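Novice: The structure that follows is given in the form of structure tokens.
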Amino acid sequence: MRRLLLLGLAMICLPLTHLLAQEQKKEPPKIPDSVEVVRDVEFGTGGGRPLKLHILRPKASPKEAMPVIVWIHGGGWQKGDRDSGIPRLASYAAEGYFCASVEYRLSKEAIFPAQIEDCKCAIRFLRSKAKEYNLDPERIGVWGSSAGGHLVALLGTSADVKELEGSGGSPRFSSKVRAVCDFCGPTDLIAIVGKSSGAEGPVGKLLGGAPAEKKSLATLASPITHITKDAAAFLIVHGDMDKTVPLSQSELLETALKKAGVPVTLYVAEGRGHGISGADVDKKVREFFDKQLGK
């Protein structure tokens, strides 16, 4: 009787387990037929290992050099990968943009400035390949969310800052970008409070210690530290219900950019938290890149 009962329970649980497995499967991103995806292109080295990016571009390359959008993933500098950029970038590649989604060393592998060094290396690599890839080295935009938002903001404010360049490759080329789309990225690591500010929080792991104990490194890692009038144009998007990175972090960046005379728009997504989405946001991002990159 007991065996029959166990068998019955197993038969009930099996469909539920199968259903959960099906729900957990990620549907592969739909790529327009007009878009070519080139995976795992080596763009440099970090910590002695190869660094790679994915390329998305029109199969029929336009006659004119293409503007560029680079995606940098989030994940608290602790997780995430370049695959996340493919669904974000596919529609832009279909419209004539040259797109790339890059990896960088995570905080469990190396502390700051490894992450920004790798991102800058990717920008230098793409600029070095301008003729081969038919891209415009003067029209490079970057886009990232959360930790990726922090890194793109740093790209936009710290062009050619030697302490952040690293030695991963393509040293003769600039890491400067023209446009930054920052989704809810931390901007002043000293001002962050709460769990993130402890040694075991994401910022602490990025810096190798609590910001209060690593003030010099936290200052170097903060995008607001490096702002000048030559910074890239910014679109900052932040949810007013964000419990992970406070809206005040984006407000600080907006204020500092305006003070320096840099073009900046802060779009507050009402009723949304840390995972920002919506047709209104999509429209803002597309309009921003089309305007700033001359599409």
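Values quoted throughout were computed directly from the atomic coordinates according to the rules given, and no laboratory measurement underlies them. The structure displayed is predicted, hence computed values, not measured ones. Here the Cβ is made from the backbone with ideal geometry for all residues, glycine too, and neighbour counts use every protein chain on show.
Novice: Between helix 114-128 and the chain, what is the angle of the helix's C-alpha long axis to the longest principal axis, kept within 0 to 90° and rounded to the nearest 10?
Specialist: The angle comes out at about 60 degrees.
Novice: From a point 7 Å beyond the Cα of E287 in the direction of its Cβ, which residues of region 220-245 have a backbone N at a distance under 17 Å?
Specialist: In region 220-245, the label zone of E287 (backbone N under 17 Å from the point 7 Å along Cα→Cβ) covers 234-238.
Novice: Compute the acute angle (0 to 90°) between the alpha-carbon long axis of helix 247-259 and the principal axis of greatest extent of the alpha-carbon atoms of the chain; round to the nearest 10°.
Specialist: 10 degrees
Novice: Quick one: what are the phi-derived ³J(HN,Hα) couplings along region 44-56, Karplus 6.51/-1.76/1.60 with θ = phi - 60°, whole Hz, x for glycine and proline?
Specialist: Each residue of region 44-56 in turn: x, 10, x, x, x, 10, x, 10, 10, 9, 9, 10, 10 Hz.
Novice: Right, another one. What is the calculated FRET efficiency for D240 to T45, with r their C-beta to C-beta distance and R₀ = 35 Å, to the nearest 0.05?
Specialist: Efficiency computed from Cβ-Cβ geometry: 0.30.
Novice: Rounded to the nearest Å, what's the spacing between the alpha carbon centres of region 39-114 and region 214-237? Just the number, please.
Specialist: Between the Cα centres of region 39-114 and region 214-237 lies a distance of 21 Å.
Novice: Tell me the mean residue ellipticity at 222 nm calculated for the chain from its helices only (DSSP H runs of n ≥ 4, each -39500 (n - 2.57), averaged over every residue, nearest 500).
Specialist: Calculated from helices alone, the mean residue ellipticity at 222 nm is -11000 deg cm²/dmol.
Novice: How many percent of DSSP beta bridges within the chain run antiparallel, rounded to 5?
Specialist: About 30 percent, rounded to the nearest 5.
Novice: Report the extension gain between S61 and T228 in nm, rounded to one decimal, defined as 0.36 nm multiplied by the number of residues separating them, less their alpha carbon distance.
Specialist: Additional length available on full extension: 56.6 nm.
Novice: Okay, moving on. Whose amide H sits under 5 Å from the amide H of G166, counting only residues 5 or more places off or on another chain, with H placed in the peptide plane?
Specialist: none
Novice: Roughly what angle does helix 85-94 make with the longest principal axis of the chain, taking Cα atoms, 0 to 90 degrees, to the nearest 10?
Specialist: 60 degrees
Novice: Among (1) 17.5; (2) 19.9; (3) 18.8, which one is mean projected area of the Cα convex hull in nm² computed from these coordinates?
Specialist: Of the labelled values, this structure produces (3).
Novice: For the residue pair V37 and D160, what label-to-label distance in nm results when each label sits 7 Å from Cα along the Cα-to-beta-carbon direction?
Specialist: Between V37 and D160, the label points sit 3.7 nm apart.
Novice: How would R124, R286, R272, R49 line up from fewest to most surrounding beta-carbon atoms within 10 angstrom?
Specialist: Result, fewest neighbours first: R49, R286, R272, R124.
Novice: Between K108 and T255, how many nm apart are label points set 7 Å from Cα along the C-beta direction?
Specialist: If labels sit at K108 and T255, their model points lie 3.7 nm apart.
Novice: Amide H to amide H under 5 Å from A269: which residues, 5+ apart in sequence or cross-chain, H placed 1.01 Å off N in plane?
Specialist: Placed amide hydrogens put H238, G239, D240 under 5 Å from A269.
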